Amino acid sequence: MPESKNTAAELIFKTDIIVIGAGQAGLSSAYYLKQHGLTEGRQFVIVDQSPQPGGAWQYRWPSLTLSTVNGIHDLPGLSFSSTLDIPASEVKASTAVPHYFTAYEKKFDFHVYRPVKTNLVCNQADRFRIETDHGLFSARGIINATGSWEAPYIPHYPGSEFFKGIQLHTKDYQTAQDFLGKHVIIVGGGISAIQLLDEISRLTTTTWVTRSEPNFREGPWLEEYGRAAVQKVEDRVRQGLPPGSIVSVTGLPLTPAIEQMKARGVLQRQPMFSEITSDGVRWADGRHIAADVILWCTGFRSGLDHLAPLMLREDNDGILMGGRLATQVMKDPRVHLVGYGPSASTIGANRAGRAAATELIAHLGL
């Protein structure tokens, strides 16, 4: 347990480093903190708002299997495959990843405080005061690994408040059966949008809308594509700019499933509409399509609202990042963001966790 002290009517748990979030990035960070000899409790603690291990994966839609996800990288010290007892193509991601993370926490004896939602972080002398829904923590440094699942992004379009149908985000999606007999407009050009368009179009009428022309990539995946994507995002955050889209660099892989979608005629992409009406959407040229559902597959923003009192953002809403892998916040080197920007992928989260742990330990002199 962390060191605690009574101050008036409140109990504060004191530690050196708090890891906020126990997904891929948070667990990777905790692993490397332990590898450096830090003691859990006295020198670092992990808090996570989910009721069980698995990060955001436990909330993904049921039809998302390990054969269709965009890659899950092994956490350091334990392979994912060693925790599977049936072929990956048959395993739901929302089941397999929580099972893997549970095994990981058990193997390395991590004691994650959950469910603990971090509401606010602020400066208090030379430490941070972390306010949660289950008490107060005090720490000298922060590794923030909250990801983006709790911050879905839906752009505003004129008339959205008057739409009489259903509007929902990828985060809310469960099954295509929910849309039987309805006309569904799917907005977005990423991998999730394509997957949901594939599922839903098999059962009902769909219209696919994207802000820019989709970039389908032919040929095998090359590591250089991933490196180029990560480097582009890293360059942006090192300039204090908001992270950009990975898909804009890598493109969408032209898989057999996408070829089949083309053959079925469901990839007839429409440009972005200009307004939403009570019963559909309208383009600038006056063309109108009636719809019952608008499914926003428009991505997520980093869930960093709890850090707002620290005033880490630049005027353009970006955060100026530094350090070996761009995890260190330049305005306050005691704060590291993992799973943000270039480390938003599962493989990037591992490398970022190692860099954040090493650099923060050095900065704090632990």
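Please treat every number below as a calculation from the coordinates, not as lab data. Keep in mind that this is a model prediction, so the values were computed, not measured. Here the Cβ is made from the backbone with ideal geometry for all residues, glycine too, and neighbour counts use every protein chain on show.
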Could you sort the peptides 18-28, 271-281 by per-residue average Cβ neighbour count (10 Å cutoff), highest mean leading?
18-28, 271-281
With a ≥ b ≥ c the root eigenvalues of the C-alpha gyration tensor of segment 306-366, is it rounded (a/c under 1.5), prolate (a/b larger than b/c) or oblate?
oblate
Between Arg211 and Arg42, the FRET efficiency computed from the C-beta separation at R0 = 41 Å comes out, to the nearest 0.05, as 0.25
Taking every DSSP bridge whose two residues both lie in segment 160-296, the antiparallel percent to the nearest 5 is 25
In order over segment 23-34: 3J(HN,Hα) from phi, Karplus 6.51/-1.76/1.60, θ = phi - 60°, whole Hz, x for each Gly or Pro, gives x, 4, 5, x, 5, 4, 4, 4, 4, 6, 4, 5
For segment 160-296, compute the orientation-averaged projected area of the C-alpha convex hull (one quarter of its surface), in nm².
9.8
Please list, ordered by chain and number, the residues whose modelled amide H lies under 5 Å from the amide H of Ser50; skip anything fewer than 5 residues away on the same chain.
Val116
Quick one: 3J(HN,Hα) in Hz for segment 14-19, Karplus 6.51/-1.76/1.60 with θ = phi - 60°, rounded, Gly and Pro as x.
9, 8, 7, 10, 10, 9
Segment 156-197-segment 22-44 distance, computed between alpha-carbon centres (Å)
39
Between Asp178 and Arg301, what is 0.36 nm times their sequence separation minus the Cα-Cα distance? Round to one decimal in nm.
41.7 nm
With just the Cα atoms of segment 104-148, tell me how far they stretch along each of the three principal axes, in Å, largest first.
37, 22, 20
Checked against a 30 Å limit on the C-alpha separation, the offending pairs among Lys171/Lys262; Lys117/Lys232; Lys117/Lys331; Lys92/Lys232; Lys232/Lys331 are Lys117/Lys232; Lys92/Lys232
Classify segment 235-366: rounded, prolate or oblate, from the alpha-carbon gyration tensor (a ≥ b ≥ c, eigenvalue square roots; a/c under 1.5 rounded; otherwise prolate if a/b is larger than b/c)?
prolate
Fraction of antiparallel bridges per DSSP, the chain only, in percent to nearest 5:
45
At Ala257 and Glu161, where each label point lies 7 Å from the Cα along Cα→Cβ, what is the point-to-point distance in nanometres?
3.8
